[in-house]
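Read the structure below first, then the notes.
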Amino acid sequence: MAADGDFAARAHAALGNAEVRANFRRAMDGLMAKRAAQFTDPQAWAQTRARGAAIKRRVLARLPELLERLEARCEANGIRVHWAETTGDANRIVLGILQEAGARTVVKGKSMVSEEMHLNAFLDRHGITAVESDLGEYIIQLAGEMPSHIVMPCIHKNKGDIARLFAEHIEGQGYTEDVAELTAAARRVLRSKFAAADAGISGVNFAVAETGTLVLIENEGNGRLSTTLPPLHIAVTGIEKLVETLDDIPPLLALLPRSATGQAVTTYVNMISGPRRDGEKDGPRAVHLVLLDNGRSRVYADAELRDTLRCIRCGACMNHCPVYARVGGHTYDAVYPGPIGKILTPQLAGLDAAGDLPHASSLCNACVEVCPVQIPIADILVRLRREAVRPSDTPAVKGAGAKRAPLEALAWAAWRWMYATPALYRLGSRLMARFGNRIPERLPPLNRWTGVRTRPRFAGRTLHDLARDKGYDDA
């Protein structure tokens with residue numbers, strides 16, 4: 001999920017890339033403005049948001065039961081359901097389905113879970129070619145990169161970057177920054193892939209337990225083609241992407257596209273309830289649904305952390321995050337970047353692998369204010385920071401305690417002791433007033449703080465001294 005490394009070091013490098021910073025700043029400003037234009041009535045926004053959050057809370061309260069109900073309804077509709085505990089299991093399931101069908105070529109609709117699985121690389125190692133059909137995903141596939149945003153994967157690139165990629169990788173395509181021509185070039189390539197593909201793979205925005213329906217929303221039509229033209233359709237999704245009834249879909253559709261891209265509704269809303277039936281002229285002959293856990297059950301077991309699973313993957317938290325807007329998605333070195341990634345990735349991958357991400361936040365609460373399903377991201381960030389250095393009695397997070405530093409723990413213990421002992425506090429105050437400003441700023445381990453912050457200046461006289469000067473009793 002996330003590689004070992006230091007977020008601060010990657011962020012420092014990203015801040016030095018003026019072009020990428022400009023790309024993100026321009027994109028984030030535009031997305032924030034479009035979203036604001038969709039939610040002009042604060043009361044209506046609050047009501048719709050509260051309803052969306054209630055829908056997701058209700059689902060999570062009954063998740064095991066509703067998952068079994070979804071499986072039963074899907075199977076009754078002719079959709080084969082597969083359960084995968086890990087990404088390795090999910091990859092093997094998908095590979096087995098493709099091999100059984102004799103599939104060698106695959107077109108993929110946009111799917112963050114398939115990114116979580118690193119599915120393309122896995123299939124390639126087994127001789128199966130997977131081509132991304134979403135334009136943004138296709139661009140980063142050509143570039144050999146991960147998505148930098150969960151909704152707009154190539155948002156970090158400008159027209160020049162894309163023009164160079166297409167000229168290099170698309171046969172007969174010259175360099176041009178004309179958007180219409182670049183789009184047409186991608187369309188020419190992808191249409192032939194749709195027609196020839198042995199199978200299509202997609203994600204799922206919402207899975208409806210009541211009817212066994214898979215709901216996919218998109219703007220380009222590639223998702224519809226990926227799930228309709230090939231004879232085999234495989235949908236992959238996390239176990240949390242569930243709603244109870246079809247009546248739950250309209251409120252969530254009123255929130256997701258408006259929060260994500262500032263659209264009242266996406267161009268296409270696809271509802272798949274089974275394979276092609278006798279007499280129907282299109283659609284796949286077989287449909288499979290792979291439900292991925294990959295640590296989600298562990299997250300679900302904790303009453304506080306469970307709120308993470310409400311996420312509907314709109315990306316609004318990223319669009320409004322001052323940290324994300326300045327350093328970009330690749331700085332997180334994870335499938336899920338931005339505020340939601342700061343709480344989801346450490347829980348799925350473990351704090352030992354991604355324990356620095358919860359600290360990549362100013363706790364400004366902008367993400368909380370715009371989240372359409374009211375995820376308390378800031379509260380969960382604080383909880384994960386605490387878990388990283390001091391696991392709770394019943395830690396639900398993999399790798400809890402991995403970031404504990406004995407010297408830091410000793411410093412906080414000394415601080416607590418000093419503040420609990422009046423005589424020691426007064427002695428410490430006098431010592432810091434006299435000598436505190438003489439401590440070298442680059443002295444380890446103090447330099448970890450002063451390297452990125454302005455060191456506070458200690459007053460020359462203590463509060464007790466000032467009080468006595470005013471005639472107050474020192475007691």
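Readers should treat all values here as calculations from the given coordinates under stated rules, not as data from a laboratory. None of these values were measured; they are calculated from a predicted model. Cβ atoms come from the backbone with ideal geometry, glycine included; neighbour counts cover every protein chain shown.
If I take the Cα coordinates of region 187-254 and project them onto the principal axes, what are the three extents in Å, biggest first?
Taking max minus min along each principal axis of the Cα atoms, region 187-254 gives 38, 23, 17 Å.
Which semi-axis lengths, in whole Å and largest first, follow from the square roots of five times the eigenvalues of the Cα gyration tensor of region 369-442?
Gyration-tensor ellipsoid for region 369-442: 34, 17, 14 Å.
If you fit an axis through the alpha-carbon atoms of helix 249-260 and take the longest principal axis of the Cα set of the chain, what angle between them do you get, 0 to 90°, nearest 10?
Helix 249-260 sits roughly 60 degrees off the main axis of the chain.
To the nearest 20 debye, what charge dipole does region 406-469 have about its Cα centre, counting +1 at the Cβ of each Lys and Arg and -1 at the Cβ of each Asp and Glu?
Dipole about the Cα centre, nearest 20: 140 debye.
For A84, what is the net charge nearby, where nearby means another residue's Cβ is under 10 Å from its Cβ and Lys, Arg count +1, Asp, Glu -1?
Combined, the nearby Lys, Arg, Asp and Glu give -2.
Using packing as a proxy for protection, rank 175-184, 305-314, 404-413, 426-435 so that the peptide with the highest average count of other Cβ atoms within 10 Å comes first.
305-314, 426-435, 175-184, 404-413
Taking the alpha carbon gyration tensor of region 307-365, what are the square roots of 5 times its eigenvalues, largest first, to the nearest whole Å?
Three semi-axes, in Å: 16, 14, 10.
Could you pull out every residue, at least 5 positions away or on a different chain, whose amide H is within less than 5 Å of the one on R104? Hs are placed 1.01 Å off N in the peptide plane, and Pro or chain starts have none.
D198
How big is the antiparallel share of DSSP beta bridges in the chain, given as a percent to the nearest 5?
25 percent
Using only alpha carbons, build the gyration tensor for region 313-412 and give me the equivalent ellipsoid semi-axes, biggest first, whole Å.
Ellipsoid half-lengths, sorted descending, are 24, 14, 13 Å.
Which cysteines in the chain lack any other cysteine whose Cβ sits under 4.7 Å from their own Cβ?
Among the cysteines of the chain, those whose Cβ sits 4.7 Å or more from every other are C74, C154, C311, C314, C321, C364, C371.
Quick check: convex hull of the Cα atoms in the chain, volume per residue, rounded to a whole Å³?
183 Å³
Can you give the FRET efficiency for L466 and W83, using 1/(1 + (r/R0)^6), R0 = 45 Å, r = Cβ-Cβ distance, to the nearest 0.05?
Approximately 0.10, to the nearest 0.05.
For region 73-89, list residues with backbone N below 14 Å from a point placed 7 Å from the Cα of S273 toward its Cβ?
Residues 73-79 fall inside that zone.
Find the Rg to Rh ratio for region 142-193, where Rh is the Kirkwood radius over alpha-carbon pairs and Rg uses the same atoms.
Result for region 142-193 is an Rg/Rh of 0.96.
Hey, what angle do you get for helix 179-196 against the long axis of the chain, alpha-carbon based, 0 to 90 degrees rounded to 10?
The two axes meet at around 60 degrees.
Which residues in region 287-306 have a backbone N closer than 18 Å to a point placed 7 Å from the Cα of T394 along the Cα-to-Cβ line?
296-306
Around R453, under 14 Å between beta carbons, what's the net of Lys plus Arg minus Asp minus Glu among the other residues?
Combined, the nearby Lys, Arg, Asp and Glu give +3.
Quickly rank 91-104, 246-259 as a protection proxy: mean count of other C-beta atoms within 10 Å, highest first.
246-259, 91-104
Between R404 and A303, what is the FRET efficiency for a Förster distance of 22 Å, r being their Cβ-Cβ separation, to the nearest 0.05?
That gives a FRET efficiency of 0.35.
With r defined as the distance between the Cβ atoms of A72 and E168 and R0 fixed at 56 Å, what FRET efficiency is calculated, to the nearest 0.05?
For R0 = 56 Å, the calculated efficiency reads 0.70.
Could you state the per residue volume, in Å³, of the convex hull enclosing the Cα atoms of region 16-163?
Output value, Cα hull per residue: 180 Å³.
Looking at region 54-113, what % of the alpha carbon pairs are farther apart than 16 Å?
Everything past 16 Å amounts to 65 percent.
What lysines could a cross-link reach from K398, if we take a straight Cα to Cα line under 16 Å and drop same-chain neighbours fewer than 8 places away?
K342
Using a 10 Å cut-off on Cβ atoms, rank the peptides 382-393, 365-376 from the highest mean neighbour count down.
Going from most to least packed, we get 365-376, 382-393.
Taking only Cα atoms, what is the 0 to 90° angle, nearest 10, from helix 338-349's long axis to the longest principal axis of the chain?
Taking Cα atoms only, the helix is inclined about 80 degrees.
Give me the net charge for the shell around A433: Cβ to Cβ below 10 angstrom, other residues only, Lys and Arg +1, Asp and Glu -1.
+2
Could you give the length gained by full extension between L363 and W417, i.e. 0.36 nm per residue of separation minus their alpha carbon distance, to one decimal place?
16.7 nm
So if I take the centroid of the Cα atoms in region 128-182 and the same for region 1-61, what is the distance between those two points in Å?
About 23 Å separates the Cα centre of region 128-182 from the one of region 1-61.
Percentage of Cα-Cα pair distances in region 406-469 greater than 20 Å, rounded to whole percent?
39 percent
How high is the relative contact order of the chain, given as a whole-number percent (alpha carbon pairs under 8 Å, six or more residues apart)?
About 19 percent, as a whole number.
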